[in-house]
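> Would you mind keeping the following structure in view while I ask a few things?
The values are calculated or read from the model by the stated rules, or taken from the named source; none is laboratory data. If you're wondering where the values come from, they're calculated on a predicted model, not measured in any experiment. For neighbour counting, all protein chains shown are included, and Cβ atoms are generated from backbone atoms with ideal geometry for every residue, glycine included. Ligands, DNA and RNA are excluded from the accessible area calculation, which covers all protein heavy atoms including side chains. Shrake-Rupley method; radii C 1.70, N 1.55, O 1.52, S 1.80 Å.
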Amino acid sequence: MQSVSAGLVSPRTSTSGRLPFALHVSILIALLAASSAPTPLYPRYQAQWQLSALDITVVFSAYALALLIALLTTGTLSDHVGRRPVLLGALAVQVASMALFATAGGLTALIGARVLQGIATGAATGAAGAALLDLGDPARPGRPALANSIAPVTGMAAGVLAATLLVRFAPVPTITVYAVLIAVFAAQAIALVLTPETVRRRPGALRSTRPHLALPPAAAHALLLNGAGVVAVWALGGFYSSLGPGFTRLISPDGPDHAGGMVFFTMTAVAAPTVYFTRRMRADVSALVGSCAVIPAAVLTLGALHLAGPVLLFAGAALAGFGFGAVSQGALRAVVDSVPAREKGGTLASYYVLSYLAMSLPAIGAGALAAGFGLRAAALAYACCVAVLATVAVATQSATLRGRRRSPSPDTRSGPATRDYTSASPGTPAPDISLLATHNR
């Protein structure tokens, strides 16, 4: 992988880079807002077209899998053709997906719209994340990483909240939601045309689109230690995003229609500040604390199921959001920072392969289980599996922490030649944990 700075056109002052930096942050937020916007609309689609829970999870998973493919094939393309062309193309595809959503007449159109959306989001996030690194102010070295970390979960929270409000107050929300997003993306495309390019073109664009995964031994070890927690939190995210509205209606059948979307909003709204507040925590401690939070989150979900308590459901979603933010922050730091810069891109891609498979495949399984045995049985099995995974994660991480305390650190034995980021000091800035980080240049 090439360094981000290798192709920079020219250094940028903090003043000249401020507006382009804000534009690329807004693109990230809008992309992820669009990804969560359909969540409050799923009950309407189900009622209008008699869709099953399995249908909804397939629609949701189509986005996650398409995004994953796009990340693996287009993530380094902007290093060769420039950030702006990739972003403009992705925004055009995103507008097409929003138009397909707005005119959808059934399940096939929804799946097609989600696939287009996943492709656009995967392509754009790599380019936008790299652009943020290009535009970073040397006086504020942690700003690009923090923006890359917080923008995705902020966008998901904003998208589901805005869509929920439009479902509640706007006419024809299945059109209005996407019309608003089309206007946002069009305005961003116009602003992007007026923004200077940050890298020079260089050969190898076609070769860069070949999918590639790499997981060096150090990263594989870190992912093995944190894998159960990663799967647990991303699986919870998939559940709340796809089946959350239906599950909310099951628990509170007399509640308002817009309450379903607010469950996923609660999770993402808590995850965003958690990423910020755990950014200086030791990576292993952050992952352990987050995994611990997943267990009571699953218990509260089960309690809500048996006691028909929406308050318990939202409390569980909040704890799940805390667990998601803390585990994602800590686990990704442990995995990525254990390898040299030239291997970070493949390592990050491998990490997100696991993450998005954990987000999509269990959701499809839950949808199939709900179709055969009902949503109550599916939610019960899902919560139990997540709790077991979180328990395994806590046991593994606790044993690792105890072993690290008993043995001297590598720095103590052999000097400062190698830095151990898995036990980074509180002053170490957290690296990028967003989708954008998947392709560290």
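> Among the residues of the range 165-182, count how many are at negative phi, aliphatic (A, V, I, L, M) and open to solvent by 60 Å² or more (accessible area, probe 1.4 Å).
The qualifying residues number 3.
> Starting from residues that are touching a Ser or Thr at 6+ places or on another chain (Cβ under 9 Å) and closer than 23 Å to ALA96 by Cβ, keep the ones in the range 39-57 and report whichever is surrounded by the fewest Cβ atoms within 10 Å (Cβ to Cβ).
Here the residue is GLN48.
> If I filter the range 305-314 for residues that are aromatic (Phe, Trp, Tyr), within 21 Å of the chain's Cα centre (by Cα) and either under 20 Å from ALA151 (Cα atoms) or crowded, with 24+ Cβ neighbours inside 10 Å (or both), do I get at least one hit?
No.
> Could you please find all residues in the range 158-173 being farther than 16 Å from ALA259 by Cβ and within 24 Å of the chain's Cα centre (by Cα)?
ALA158, GLY159 - these are the residues of the range 158-173 that are farther than 16 Å from ALA259 by Cβ and within 24 Å of the chain's Cα centre (by Cα).
> Write out, first by first residue and then by second, each pair whose Cβ atoms fall under 7 Å of each other, whose residues are 6+ apart or on separate chains, and whose first residue, in the range 359-381, is surrounded by fewer than 17 Cβ atoms within 10 Å (Cβ to Cβ) while the second is of a type in the set (A, V, I, L, M, F, W, C) and part of a helix (DSSP H, G or I).
That search, which allows pairs on different chains as well, returns ALA368/LEU54; ALA371/ALA53; ALA371/LEU54; ARG376/LEU250; ARG376/LEU305; ALA377/LEU369; ALA381/LEU369.
> Anything in the range 68-119 that is closer than 19 Å to LEU194 by Cβ, open to solvent by 40 Å² or more (accessible area, probe 1.4 Å) and free of Cβ contacts under 8 Å to residues at least 60 places away in the same chain? List them, or say none.
Residue satisfying the conditions is PRO85 alone.
> Where residues in the range 207-227 are modelled with pLDDT of 80 or more and hydrophobic (A, V, I, L, M, F, W, C), which of them is most open to solvent (accessible area, probe 1.4 Å)?
If we take residues in the range 207-227 being modelled with pLDDT of 80 or more and hydrophobic (A, V, I, L, M, F, W, C), then LEU224 is most open to solvent (accessible area, probe 1.4 Å).
> Pick out the one residue from LEU51, LEU19 that is assigned to a helix (DSSP H, G or I) and either closer than 27 Å to THR268 by Cα or modelled with pLDDT under 90 (or both).
LEU19
> Of the conditions (1) within 21 Å of the chain's Cα centre (by Cα); (2) buried (at least 24 other Cβ atoms within 10 Å of the Cβ), THR301 fails just one. Which one is it?
(1)
> Of the residues that make up the range 188-206, is at least one farther than 30 Å from ALA131 by Cα, crowded, with 16+ Cβ neighbours inside 10 Å and touching a residue at least 60 places away in the same chain (Cβ under 8 Å)? Lay out the reasoning, then the answer.
Within the range 188-206, the subset farther than 30 Å from ALA131 by Cα is none.
Looking through the range 188-206, none of the residues is farther than 30 Å from ALA131 by Cα, crowded, with 16+ Cβ neighbours inside 10 Å and touching a residue at least 60 places away in the same chain (Cβ under 8 Å).
> Would you please list the contacts, defined by Cβ atoms under 7 Å and residues six or more apart or on different chains, that run from a residue in the range 228-251 that is more than 17 Å from ALA368 (Cα to Cα) and touching a residue at least 12 places away in the same chain (Cβ under 8 Å) to a residue that is among the hydroxyl-bearing types (Ser, Thr, Tyr) and open to solvent by 10 Å² or more (accessible area, probe 1.4 Å)?
That search, which allows pairs on different chains as well, returns ALA228/THR396.
> Among the residues of the range 256-272, which ones are at pLDDT 75 or above and not hydroxyl-bearing (Ser, Thr, Tyr)? Quick ask: steps written out before the conclusion?
Initial filter on the range 256-272 (at pLDDT 75 or above): 261-272.
Matches in the range 256-272: GLY261, MET262, VAL263, PHE264, PHE265, MET267, ALA269, VAL270, ALA271, ALA272.
> Could you list, ordered by first residue, the pairs with Cβ atoms under 7 Å in which the first is in the range 120-135 and touching a residue at least 12 places away in the same chain (Cβ under 8 Å) and the second is among the β-branched types (Val, Ile, Thr) and not in a helix (DSSP H, G or I), at least 6 apart or interchain?
ALA131/THR198; ASP134/THR198; ASP134/VAL199; LEU135/THR198
> Among the residues in the range 106-123, are any over 26 Å from PRO362 (Cα atoms) and either at pLDDT below 85 or of a type in the set (Gly, Ala, Ser) (or both)?
No - not one qualifying residue is present in the range 106-123.
> Taking the stated definitions as given, is LEU91 at pLDDT 90 or above and on the phi < 0 side of the Ramachandran plot?
yes
> Can you go through THR268, THR248, THR278 and tell me which one is farther than 20 Å from ALA158 by Cα, crowded, with 24+ Cβ neighbours inside 10 Å and among the β-branched types (Val, Ile, Thr)?
From the options THR268, THR248, THR278, the qualifying one is THR278.
> Now for a separate question. Under 6 Å by Cβ, and 6 or more places apart or on different chains, what pairs join a residue from the range 19-39 that is under 19 Å from ARG168 (Cβ atoms) with one that is of a type in the set (S, T, N, Q) and open to solvent by less than 10 Å² (accessible area, probe 1.4 Å)?
THR39/SER241
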